[in-house]
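Enquirer: Got a structure for you, questions after.
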Amino acid sequence: MTAAAPSVLVVQHTKNGGARRLGDWLNDDGLKLDVVPAFDGSALPARLEHDAVVVLGGGYLPDDDQRAPWLRQTRALVAEALGRDRPILGICLGGQLLAQVAGGTVEAETGLPENGSTPIHMRAEAHDDPLFHDLPDVVPAIEHHEDAITALPAEAVWLASSERCPYQAFRYGRSAWGVQFHPEVTPDRILEWNADKLRRQGFDPQELYRQALTDDAASARHWRTVASRFADVVHASTDTSAAAEEKREDHP
C-alpha cells in the first residue's frame, strides 16, 4: 500500500501572496499542500495536524494582531511545530514570525528597504546546512520588504545576508528555516507592486523588472534545489514519526 503524501499547512496572508512556484515545486516533490487563505477569514486549525508548516509573506509585522487577527493563531501553530519538531519554512513575514516566536526581534521599517532581485550572500554556516549546502556564494532572490529581523533567536544558525539586510536566512533547531527573501516570486510579480512607492524609495520599477528577468534562471534553479531539500526533510521527518508510532504500537 502506498503511503499518504506528507501534509503541509500553508498560511497565506494576502490575496496575491500565494505559494506560487514554491507550491508547484513542493507538490512535484510529493507533498500535499493545505493552503489556508487566512486573509479572507478562512480558519486556521486549532491544533497542528500537519506534517510541516509553510508561512508565507505579507505586509504585516508578526504581532500585528489588530490588522491581521489570524497572526495570533499562526504564531501558536509555529510554536507547536517547533515544540513537536515539525519542519517549518517561513518566508518574509513568515521568517520574521518564526524568528519572533523563537525569541528573536523584528522591527518595522528598519534599515533600508529592499526591492527586486537582490544578491544573497551565503555565510560559512550555510556550508553544512541541510537546505543551503553547496549553493554558490551568491544567489539572487527577489526582495520586497521594509520591516526586518534585527536580532536572531539565541540558538539560531545565521545562514545568509545581503548588503542592506543582514538576516536573510537562518535555521532554528533541526528543521525550521526562515528567509527574508521570496524564492516563490517570479519577475512578473514586480509589475504588480506600487510603482509610485518604489520610486519614492529610490527604485526604478522597470529596471527592477529587467534585472529580475536576467537573474531568474539562476534564482529558480537554486531555490528549486532548496525547496526539494525542504521536501526531503519533511519526508524524512514523516518517516521517522511513522516508525516511532509503529514501535509504540508493537510495544504497548
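The values are calculated or read from the model by the stated rules, or taken from the named source; none is laboratory data. All values derive from a computational prediction rather than experimental measurement. Cβ placement follows ideal geometry from the backbone for every residue including glycine, while neighbour counts extend to all protein chains displayed. When the accessible area is computed, the model is the full protein with side chains, heavy atoms only, and any ligands, DNA or RNA have been set aside. Shrake-Rupley method; radii C 1.70, N 1.55, O 1.52, S 1.80 Å.
Enquirer: Could you pull out the residue among Glu163, Glu207 that is part of a loop (DSSP other than H, G, I, E, B) and surrounded by fewer than 20 Cβ atoms within 10 Å (Cβ to Cβ)? Walk me through how you get there before you give the answer.
Expert: Details: Glu207 fails: part of a loop (DSSP other than H, G, I, E, B).
Going through Glu163, Glu207 in turn, just one is part of a loop (DSSP other than H, G, I, E, B) and surrounded by fewer than 20 Cβ atoms within 10 Å (Cβ to Cβ): Glu163.
Enquirer: Just to check your reading of the model, which residue among Ala227, Ala148, Ala231, Ala176 is in contact with a strand residue (DSSP E or B) (Cβ under 6 Å, 6 or more places away or on another chain), buried (at least 20 other Cβ atoms within 10 Å of the Cβ) and aliphatic (A, V, I, L, M)?
Expert: Working: Ala227 fails: in contact with a strand residue (DSSP E or B) (Cβ under 6 Å, 6 or more places away or on another chain); Ala148 fails: in contact with a strand residue (DSSP E or B) (Cβ under 6 Å, 6 or more places away or on another chain); Ala231 fails: in contact with a strand residue (DSSP E or B) (Cβ under 6 Å, 6 or more places away or on another chain).
The match here is Ala176.
Enquirer: Identify all residues within the range 25-42 that are free of Cβ contacts under 8 Å to residues at least 12 places away in the same chain and closer than 18 Å to Pro69 by Cα; write none if there are none.
Expert: Scanning the range 25-42 gives Gly41, Ser42.
Enquirer: Going by the conditions given, is Gly57 out of contact with any helix residue (DSSP H, G or I) (no Cβ under 6 Å at 6 or more places or on another chain) and open to solvent by less than 50 Å² (accessible area, probe 1.4 Å)? Let's see the steps before the verdict.
Expert: Working: out of contact with any helix residue (DSSP H, G or I) (no Cβ under 6 Å at 6 or more places or on another chain): no; open to solvent by less than 50 Å² (accessible area, probe 1.4 Å): yes.
It is false that Gly57 is out of contact with any helix residue (DSSP H, G or I) (no Cβ under 6 Å at 6 or more places or on another chain) and open to solvent by less than 50 Å² (accessible area, probe 1.4 Å).
Enquirer: Any chance you could count how many residues in the range 87-111 are open to solvent by 30 Å² or more (accessible area, probe 1.4 Å), at pLDDT 95 or above and over 14 Å from Gly59 (Cβ atoms)?
Expert: Count: 5.
Enquirer: Are there any pairs, at least 6 apart or on different chains, whose C-beta atoms fall under 6 Å, with the first in the range 176-188 and on the phi < 0 side of the Ramachandran plot and the second of a type in the set (D, E, K, R) and open to solvent by less than 10 Å² (accessible area, probe 1.4 Å), and if so, which?
Expert: That search, which allows pairs on different chains as well, returns Phe181/Glu143.
Enquirer: Looking at Pro187, is it in contact with a Lys or Arg (Cβ under 8 Å, 6 or more places away or on another chain), at pLDDT 95 or above and either under 24 Å from Gly18 (Cβ atoms) or open to solvent by less than 70 Å² (accessible area, probe 1.4 Å) (or both)?
Expert: Working: in contact with a Lys or Arg (Cβ under 8 Å, 6 or more places away or on another chain): no; at pLDDT 95 or above: yes; either under 24 Å from Gly18 (Cβ atoms) or open to solvent by less than 70 Å² (accessible area, probe 1.4 Å) (or both): yes.
Against the criterion (in contact with a Lys or Arg (Cβ under 8 Å, 6 or more places away or on another chain), at pLDDT 95 or above and either under 24 Å from Gly18 (Cβ atoms) or open to solvent by less than 70 Å² (accessible area, probe 1.4 Å) (or both)), Pro187 does not qualify.
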